[in-house]
Each structure stands twice: as C-alpha cells, then as structure tokens.
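Visitor: A single structure is presented below for examination.
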Amino acid sequence: MSKDIIILVPNGRRMKVHCTPDTSFLQVLEDVCEKHGYQPNEYNLKHHNIIVDLTSTIRFCNIPNKAILEMVEAEKKRIESNVTVGLLLDDGERRTAEFSPHTSLYDLIISLAANELPTMKNPTIMYMRQEVIGISALKEKSLRQLGLITGRAILRLMDKTETEQANVSAVYRAKPKEELLEIKEAKLAISPGINEINNLQSTPDDDIQKSVQKQDGTKKFDPIELIKNEKNKEQQKTEPTTSFNIETNIDNDTNSKSSDEPMTSKHFEQKQKSLETQEALERRLRIEEEVNFLGSQKAIAFMQQEEIQDELSDLPDDFYELSIEEVRKIYHDLQQKRMEYEETPLLTSNKRDQLEKEMSQQKLNLYKNVVVRIQFPDNMILQGVFSPMDTVENVNNFVKEHINDPNQPFQIFTTPLKETLDPKTTLLDAKFVPCVHMHFRWLEGSNSNGYLKDEIYLKQTSSDAASILASKYRAPTRRKLEETQGNTQSRSSTSKESKLPKWFKK
C-alpha cells in the first residue's frame, strides 16, 4: 500500500513525497535534497525524536500514512563503503563478494553466477520482499536503490516463472471481479436445486433423471449430478466388501440371506485400528519375553535407529514453513506463558525450597522406577531400570559391569550443557525421574577394542522392543496416583472445615 510522507526541510518548507512499499528512506532523502539543494550525506530523517534507518523500506518502517519526518543534520558525514553481498542460488549454494553500492544487480549476477544466468528465462533478484524481475530491470536497479550502502546483505537469485508473489499476504488480497462473478453464478445455480438435494434420498432414480432433464442445459454447475457422482464413487468403494460378504454367505448357506449390512470402509478402518491396539497391548504384556536381558537392573542393549535421522534430513523446506493457524497457536501459547509469569507471585527462597520438596515427593509417589539410558559413541545404547533413590555412583557401577575395560577411567554426562554429575546425588535430586538419557566417553584416550563387551553386541535387542520396555517401567503407578488424589481431596476438605468457626453448628 502506497503512502504519502511529509518532509520538514531545514528552510522551513514542507514537501510531500509519494512512496511505494519498496521505496527506501535513502531514496526519499535524496529526492528531497536534490530538489532543495542539500547534500544527502550530511542529513538524516527523524520521526518522533528517533533517527530513521535510511536502509529500511516503507513496508517495514511502521510509520503511518501522512507522517511528518524532519530533516536534521547528521553528527558525522555519512560515508559509503563496499557491501558484502551473499547471493543465494536455487540449489542452496551461497556465493559472497564485496561490491560498491553503485553496482547494478545485473553486474552482480554476472560476477557471481555467470553460468546460471543464461539458463534462466526470467531472472529475478529478491531482497526483503522486493522483487526485481527481468534483465532490463536488473540493469537499471543498483544496490544503493535497494538501500544497501554499507554492511552485509543476502540476495536470492531465482527464475521467476509466475507473476504473482507467493507470500502470506496473498491470503488477504481481494479477489478479482471475474472470480466474484463466477461465485455468484454458482450460488444462483445452487439455489433452485436445494430442495431437490434435500429430497434426494427419498426420490427414485427415474425422478432424479427427470429433474436433471428439466434443468437448463446452459448452466455450468449441476448439484444433482455432482451428488450422483459422489454416490457412484461410494458404491464403487463398497463393492469389494459386498461381494466378499455375498460369497461367504453362499458358501455357508445357499438358501439363507444375511441380515448384516455390508461393511463400509470406515467400519473396516475402525476394526483394523482396534486390532492394532489389541496387538500392541498384548505385546506390551509379553515384552519381557521378547528382549534379551544382560544382567542386573534389567539391563538391555540396542542400537539407535538411523532411519529417523535420515527422514529428518530428507524433509523438504515446506515442512518447516509455518501456516497461519500454527502462528496463531504459537502466539496464543506465548500469551498464556506471559500471563502465567505475570500472575505468579514472588516467592522467598524458603518457599521455593518447600515447593521443590513437594514436587520431588509427588514424583517419588508417582514413579517407582527410573529408566536410565547411556549412549556410547558407536550409537550403542545401554538401558537399565533404577530406583529414584539410587545415586549416580550406582549408575557408574552399572556401566562398569558392561564395558570392555572397567579399569579405564570414564565419564557419563548429560547434554546439551554437558554437565558432569556428582556421584553422591540421587536420581530424584538430579531431576532424572522418570527417565534420563546420558552419554559416555573415555577420560584418557580411546579404547580400540570397543566400548561394551563382545557378548553384549551379540545379545542386542530391537529398538522398538526397548522403547516399549522403557515406557512400561517409567509409567506412573495407579495405586500411588489414587492415594495422592485422595490425599489432596482430604486436605482440601480439612482446609474447608478449618475455615468454619467453632461456634457454627449445623
């Protein structure tokens, strides 16, 4: 959206400048100085006692329409220097070089991407939502006109095949008149057939054909034909299931007719999901028969999956782009967090310690096991089940039982801060309940014979079974959960009774 900006010139005059969203403030200042005979390097623009960044554009300045900007003398004369430009190609490669602000975009492309330019039908440079399309426009546009007179910038070179710009603001643009006329015609075509659509289930096929013949043949949109096509598609989907039911009934009894309705695709999917959940529950109950235990603490060893990392690396760029609904959810969550931080009262150190003790006691009541995983540099993971009151020293002794050289000093630590663990601290105090993922490393050099014992590599468990076993042991206990809920209810009831005065009697 274009804006009109009023500039207060030092000689007392006012000048009105018409600006587009891609106009830079440097260009506005140069136009005013050229008309009134001033040097643009010696002046700045000020808005509400704030110096405006001359390299920014009208689109991102957050200045309203018909705003008044004042020309003020700069403390130092503005000196232009070379601009470090990074040119981003379609394949993700980035090429950097230094250029003068007066360099045209065409010369920039020739120096950095001379081989790629002939293959493009419509070369385009994109910078801060500014698009310079075509060779003629690239020759006329310079870095200075983009607002780049110093510092660094990244420009994107692409072959623009479509004239429309793909951005989020396109969602809010008004539709053209032709599309609005088509929508109105479609609504007019739908309105006379609404009653026929509502009574479609009760009318036979002959009546439907007659109603279709009565309609005008010049109409583009026919709702009844659309519904008939959808019905035919649904019948085609259900044909294999119906034929299967008919064949089974013939095999069982040729004279009897089945009273059951044919199974639809939705019923089939629901039945399949219920079977999958039942199989998962049965596997969870028998998971200890599937894994290979190595010794105490229900120790198992498995290899980390590499397929997940490959899938993450192969994700397209569109996967990381946020939709409007996702942005709204993130913004809503941030507002909720801000309200929580503002409404929480300030606590003393004694009160904080008391709350931490209560939280740790709740965890101790909820969880009776802690699943500890130690990942080795060769992507082998050693898993064990501990008690919340076990110490880090117990975990160290557990690792010593399974490594190849127990006498060689080693260290287990957590990431991302890479904290070394105190052997005397319990897993509950270290906030490792109900599960923790640790890492292993040798303190002195490396062992060429490997990390774990040779027989452990032969008794590996699948990662799927290891995850099911871990979820089974880190789940909260129901008995403890019910007790904690009962205690909280009793506390609330006693607190309510204590608030009543002694003289009050029912």
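The values are calculated or read from the model by the stated rules, or taken from the named source; none is laboratory data. Owing to the predicted nature of the structure, the values given are computational and were not obtained by experimental measurement. All Cβ positions, even for glycine, are placed from backbone atoms using ideal geometry, and neighbour counts span all protein chains on display. Side chains are part of the model used for accessible areas, which takes the heavy atoms of the whole protein and leaves out ligands, DNA and RNA. Shrake-Rupley method; radii C 1.70, N 1.55, O 1.52, S 1.80 Å.
Visitor: How much net charge surrounds Leu452 when only other residues with a Cβ under 15 Å from its Cβ are counted (Lys, Arg +1; Asp, Glu -1)?
Guide: 0
Visitor: Ok, one more. Report relative contact order for the range 1-91 in percent, whole number only (criteria: Cα-Cα under 8 Å, sequence separation at least 6).
Guide: This gives 34 percent for the range 1-91.
Visitor: Which number gives the lysine pairs in the range 4-155 that have C-alpha atoms under 26 Å apart and are eight or more places apart or on different chains?
Guide: 17
Visitor: Given H placed 1.01 Å from N in the peptide plane, which residues other than close sequence neighbours of Lys368 have an amide H under 5 Å from its amide H?
Guide: Here the answer is Thr477, since their amide H atoms fall under 5 Å of that of Lys368.
Visitor: Over all alpha-carbon pairs in the range 61-122, figure out the percentage whose distance exceeds 14 Å.
Guide: In whole percent, the long-distance tail amounts to 71.
Visitor: Could you derive backbone 3J(HN,Hα) for the range 91-98 from the dihedral phi with the Karplus parameters 6.51, -1.76 and 1.60 (θ = phi - 60°), listing whole Hz in sequence and x where the residue is Gly or Pro?
Guide: 3J(HN,Hα) across the range 91-98, in whole Hz: 7, x, 6, 10, 10, 10, 6, 9.
Visitor: Here's a follow-up. Please compute the net charge surrounding Pro101, taking Lys and Arg as +1 and Asp and Glu as -1 over other residues with Cβ under 14 Å from its Cβ.
Guide: After counting each charged neighbour, the total is 0.
Visitor: Going from most exposed to least, what order do Met380, Met303 have by accessible area with a 1.4 Å probe?
Guide: Met303, Met380
Visitor: Given C-alpha coordinates of the range 285-412, what is the ratio Rg to Rh with the Kirkwood estimate of Rh?
Guide: Result for the range 285-412 is an Rg/Rh of 1.10.
Visitor: How many Å³ per residue does the convex hull of the Cα positions in the range 1-118 occupy?
Guide: Output value, Cα hull per residue: 142 Å³.
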